[in-house]
Amino acid sequence: MSETAELAEKLKTEGEKIVVYFSGLSDDQWQCEVYTEGATWTIRNVVSHFVTSERGLVRLFEQICQGSPGAADDFSIDRYNARQQEKTQNLTPMELLEQYKSVRANSIIWVSGLKDEELEIQGRHPWLHQTTLREMIKLLYLHNQLHYRDIKKVLK
């Protein structure tokens, strides 16, 4: 199996785990606070973050593949996340989960279309800074796993 196929499969399996877990949450659980530093984020806000960050990152990856240097040096993750939360504030948890499924499916298709050698392309990621597409793609599922772990702690 090619490395791009392995990455696409990992995105698929990790995405499926996320969907199963969040589909089983009660209305009250969606409102549980996960993060309280700065803006308070509920579980609903975290899923919104999954959707908006992955959508934006895959667009960035596409640009990097076409020769862009990547994220601007002055890019602010905090400002971006705050704007995206505002844009999704009227979506229900189930609407966000449906968007997550769609965004993840598109990510899988995009990664599946890459050649293994394209994983070596370098660009600037907003969090990882200068790195390869390989590492950026891995962070798509690792990022969600980190937030998922935090959510599970809150719901214990």
**Prompt:** Gaussian network model of the chain, Cα springs within a sub-10 Å range: biggest mean-square fluctuation belongs to which of Val58, Val19, Val111?
**Reply:** Val19
**Asked** From the phi of every residue in region 68-75, what ³J(HN,Hα) in whole Hz does the Karplus formula 6.51 cos²θ - 1.76 cosθ + 1.60 yield, where θ is phi - 60° and glycine or proline is x?
**Response** 5, x, x, 5, 5, 4, 9, 4
**Prompt:** Under 5 Å between amide H atoms, partner at least 5 residues away or on a different chain: which partners does Gly70 have, H built in plane at 1.01 Å?
**Reply:** Arg124
**Asked** If Lys and Arg each add +1 and Asp and Glu each add -1, what is the summed charge of the other residues whose beta carbon sits under 13 Å from the beta carbon of Lys115?
**Response** -4
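When the dipole is taken about the Cα centre of the chain, and only Lys, Arg (+1) and Asp, Glu (-1) are charged at their Cβ, what size is it in debye, to the nearest 20?
Computed about the Cα centre, the dipole is about 260 debye.
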**Item:** Lysine pairs within the chain, Cα separation less than 23 Å, 8 or more sequence positions apart or different chains
**Value:** 18
**Message:** Please give me the summed charge of the neighbours of Lys152: other residues whose Cβ is under 15 Å from its Cβ, Lys and Arg +1, Asp and Glu -1.
**Reply:** +1
**Prompt:** Taking springs between alpha-carbon atoms closer than 10 angstrom, which of Tyr100, Tyr21, Tyr141 fluctuates most in the Gaussian network model of the chain?
**Reply:** Tyr21
**Message:** I'd like the orientation of helix 43-65 relative to the chain: the angle between its Cα long axis and the longest Cα principal axis, in ° from 0 to 90, rounded to 10.
**Reply:** 10
**Item:** Shape category assigned to region 1-117 from the gyration tensor of Cα positions, a/c cut at 1.5
**Value:** oblate
**Request:** Calculate the length of the line joining the C-alpha centroid of region 65-116 to that of region 117-153, in whole Å.
**Result:** 12
**Asked** Leu91 to Gln63: extension gain in nm, 0.36 nm per residue of separation minus the Cα-Cα distance?
**Response** 7.3 nm
**Item:** Val34 long-range amide H proximity, modeled H, under 5 Å
**Value:** Trp41, Thr42, Ile43
**Asked** Under the Karplus relation 6.51 cos²θ - 1.76 cosθ + 1.60, θ = phi - 60°, what is the ordered set of whole-Hz ³J(HN,Hα) values for region 82-97, x standing for Gly and Pro?
**Response** 5, 5, 5, 5, 4, 5, 10, 4, 8, 7, 6, x, 5, 5, 5, 5
**Fill in**
the chain, Gaussian network, Cα under 10 Å: of Glu117, Glu37, Glu95, the residue fluctuating most is Glu37
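Can you pull the percent of the chain's accessible area that's carbon plus sulfur, 1.4 Å probe, other chains left in place?
Working: 4380 of 8610 Å².
Accessible surface attributable to carbon and sulfur in the chain totals 51 percent.
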**Item:** For the chain: relative contact order, % (alpha-carbon pairs under 8 angstrom, 6 or more apart)
**Value:** 36
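The values are calculated or read from the model by the stated rules, or taken from the named source; none is laboratory data. Nothing here was measured: the structure is a model prediction, and the numbers come from that model. Counting neighbours? That spans all protein chains shown, and the Cβs are built from the backbone with ideal geometry, glycine included. Quick note on the areas: whole protein, heavy atoms, side chains included, nothing else; ligands and nucleic acids left out. Shrake-Rupley method; radii C 1.70, N 1.55, O 1.52, S 1.80 Å.
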